[in-house]
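Inspection log for the structure reproduced underneath, given as structure tokens.
Just so you know, all these numbers are worked out from the coordinates, no wet-lab data involved. Model, not experiment: these values are computed from the prediction. So basically every Cβ, Gly included, is an ideal-geometry build from the backbone, and we count neighbours across all protein chains shown.
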Amino acid sequence: MTEISKISTKGQVVIPLEIRNELDLMPGTAVAISTIRDAVVIKKMNMTELEKEFQELTRWGQKFAQQKGIKDEEAVVKKIHRGRGA
């Protein structure tokens, strides 16, 4: 289904009611927004997907910290202070 909508002066776009109903988009529903060439893609997210993405990000962060020899929060704070020249 294709609908036409306009972007407001605040950058907001109204998702037409028929599409909101079809996808069960309610106020507060999380969506991911990305681009593919000249298209904007809006994907409905659910908590399971968000939790999975957060877990993947956490694993990446843990691996990165391990590679950099960061063992705890104190080591992070020290690296920040060194980077700031404090």
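State yes or no: is A75 of a type outside the set (K, R), surrounded by 10 or more Cβ atoms within 10 Å (Cβ to Cβ), free of Cβ contacts under 8 Å to residues at least 12 places away in the same chain and not in a loop (DSSP other than H, G, I, E, B)? Give the steps one after another, and end with the answer.
On the way: of a type outside the set (K, R): yes; surrounded by 10 or more Cβ atoms within 10 Å (Cβ to Cβ): yes; free of Cβ contacts under 8 Å to residues at least 12 places away in the same chain: yes; not in a loop (DSSP other than H, G, I, E, B): yes.
It is true that A75 is of a type outside the set (K, R), surrounded by 10 or more Cβ atoms within 10 Å (Cβ to Cβ), free of Cβ contacts under 8 Å to residues at least 12 places away in the same chain and not in a loop (DSSP other than H, G, I, E, B).
I'm checking my understanding of the structure. Among residues of segment 47-72 that are surrounded by 10 or more Cβ atoms within 10 Å (Cβ to Cβ) and of a type in the set (S, T, N, Q), which one is farthest from V14 (Cα to Cα)?
For segment 47-72, the residue satisfying everything is Q66.
For segment 1-27, enumerate the residues that are of a type in the set (K, R) and surrounded by fewer than 10 Cβ atoms within 10 Å (Cβ to Cβ).
Of the residues in segment 1-27, the ones of a type in the set (K, R) are 6, 10, 20.
The answer is K6, K10.
Could you tell me how many of the residues in segment 23-72 are farther than 30 Å from T2 by Cα, aliphatic (A, V, I, L, M) and assigned to a loop (DSSP other than H, G, I, E, B)? Break it down into steps so the answer makes sense when it comes.
Applying the first criterion (farther than 30 Å from T2 by Cα) to segment 23-72 yields 51-52, 54-72.
Those still in the list that are aliphatic (A, V, I, L, M) too: 57, 65, 70.
Next, only the ones that are assigned to a loop (DSSP other than H, G, I, E, B) stay: 70.
Selection size over segment 23-72: 1.
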